[in-house]
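Have a look at the structure below, then the notes.
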Amino acid sequence: MKIIGLTGGIGSGKSTVAAMFKELGIPVYDSDARAKYLMNTSDIVIEQLIMLLGEEAFEKGKLNRRYIADKVFKDPAILEKLSGIVHPVVRQDFVDWTKKQDACYVIQETALLYENNSQELYDEVILVTAPKEMRIDRVCARDNSTRQQVEARMNNQLGDAAKMKLANFIIDNTNLVSTRENVLQVHASILADC
């Protein structure tokens, strides 16, 4: 079974592309969703988050995402420590999930694949791109964020130009029709090597 990484900057449309692969019957692991789940349910992770960020990291027993986002995107050192807590747990969860799959290939959707230097964990990497202004508009609408908040998050991510040099496949997610065509081409290419 091939392990495929699916990445892209915030607002690029990773989840849209992931959904298209799911429609083709490909198992997709959503790293962000699993990270949020594990941050709310793993006693070890919860304890470490409180030690790092304080009791305010949880509100009424649930992860205070806005508080955490405000902290980590203003301080790269805190973001790095948070990543050191969450990423190993998500990585093991992904390994366990992969063992249960029966497919030619699986996809792990992950925003910070290159930023975490984890590209060597994948047989191939798909990069999803979109113009910066489109990405900002998408995230502002989706998360009810300000432009400044979105740009702060973008500044913690490697730019598309650098990622494009490293990716095996690039899917421009500007237009859904061409995005779907690109997904079908990438899918056929990966299947040909299975």
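The values are calculated or read from the model by the stated rules, or taken from the named source; none is laboratory data. Computed from a predicted model, the values in this text were never measured in an experiment. Note: ideal-geometry Cβ built from the backbone for every residue, glycine included; neighbour counts use all protein chains shown.
Consider V186 carefully, then state whether it is assigned to a helix (DSSP H, G or I) and surrounded by 12 or more Cβ atoms within 10 Å (Cβ to Cβ). Yes, satisfied. Of everything in the stretch 55-78, what is more than 19 Å from S145 (Cβ to Cβ), surrounded by fewer than 13 Cβ atoms within 10 Å (Cβ to Cβ) and either modelled with pLDDT of 90 or more or basic (K, R) (or both)? Give them in sequence order. Within the stretch 55-78, E55, E56, K60, K62, A77 qualify. The numbered conditions (1) touching a strand residue (DSSP E or B) at 6+ places or on another chain (Cβ under 9 Å); (2) of a type outside the set (S, T, Y); (3) not assigned by TED's automatic domain parsing to the domain that holds S12 are all true for E124 except (3).
Against the numbered list (1) on the phi > 0 side of the Ramachandran plot; (2) surrounded by 13 or more Cβ atoms within 10 Å (Cβ to Cβ), N144 comes up short only at (2). Under the condition of being among the charged types (D, E, K, R) and touching a residue at least 12 places away in the same chain (Cβ under 8 Å), the residues counted in the stretch 173-188 number 1. Going by what's in this entry, would A111 be described as within 25 Å of N40 (Cβ to Cβ), among the aliphatic types (A, V, I, L, M) and either part of a loop (DSSP other than H, G, I, E, B) or out of contact with any Ser or Thr (no Cβ under 6 Å at 6 or more places or on another chain) (or both)? Yes, satisfied. Of everything in the stretch 115-172 that is basic (K, R) and without any contact (Cβ under 8 Å) to a residue 40 or more places away in the chain, the residue that is nearest to A77 (Cα to Cα) is R147. Which residues, counting only those in the stretch 1-22, are in a helix (DSSP H, G or I) and surrounded by fewer than 20 Cβ atoms within 10 Å (Cβ to Cβ)? Within the stretch 1-22, S15, T16, A19, K22 qualify. Among the residues of the stretch 116-135, just one is crowded, with 17+ Cβ neighbours inside 10 Å and either in contact with a His (Cβ under 8 Å, 6 or more places away or on another chain) or modelled with pLDDT under 95 (or both), namely S118.
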